[in-house]
C-alpha cells in the first residue's frame, strides 16, 4: 500500500511510475541511507560532493535527480518529504543543506518518478521522494531493533545497533541509531 496519490492504494493500481520500500524490504536489502536507496531505484541518481571545509558529504553540491531532471541553481527539481512536510532546500551560492534522513524506523519510502507538481508542488518536476514514518498506535506497544556486526580480514570490525520504542501511554516514538 502506498499513498502516492494522497490516498492508500496498492502500488500496482496507481497511475504513477513509483517504487516503494517497506521497512522489512530495507532491512533485508541492507539499506541505510539515501545513497543505498538510489542505487536500487531505477532512474534515480544521487551525487555527494564534499567541497566545503567541513566535508560532511551532504553540502550544497550534493544533489538528487530523477530521470535526469536536475537544476544546479534555484529550486530543487526533486521534492523530498517526511510524511507530508517538504524538506528540500534551494541551490544557492552559499552553503545550503538537504537533510536526507537515515532509513531507520520508517514505515516505508516512496520514490515517485516523473512530474509530481499537481500533488507536491513546483519543486517536484523530476519526481518526489517520501519518507513515511509509522503512525502512532494508542492500543499497541511496538519495538523496532536493528543490529549488524561485520569483520574484514586485516581490517577493523564494524558494528551498528539501533532501536526504537513506541509505548501506548505516548503518541511519540523515541529511538537511537
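The values are calculated or read from the model by the stated rules, or taken from the named source; none is laboratory data. Since we're looking at a predicted model, the values are computed, not measured. Using ideal geometry, Cβ is built from the backbone for each residue, glycine included, and neighbour counts are taken over all protein chains shown.
The set of residues in the range 126-135 being in contact with a strand residue (DSSP E or B) (Cβ under 9 Å, 6 or more places away or on another chain), surrounded by fewer than 22 Cβ atoms within 10 Å (Cβ to Cβ) and part of a loop (DSSP other than H, G, I, E, B) consists of 133, 134.
Considering the range 21-35, and only residues there that are modelled with pLDDT under 90 and within 23 Å of residue 115 (Cα to Cα), the residue that is surrounded by the fewest Cβ atoms within 10 Å (Cβ to Cβ) turns out to be 35. The one condition from (1) in a loop (DSSP other than H, G, I, E, B); (2) in the same structural domain as residue 117 (by TED's automatic domain parsing) that residue 6 does not meet is (2).
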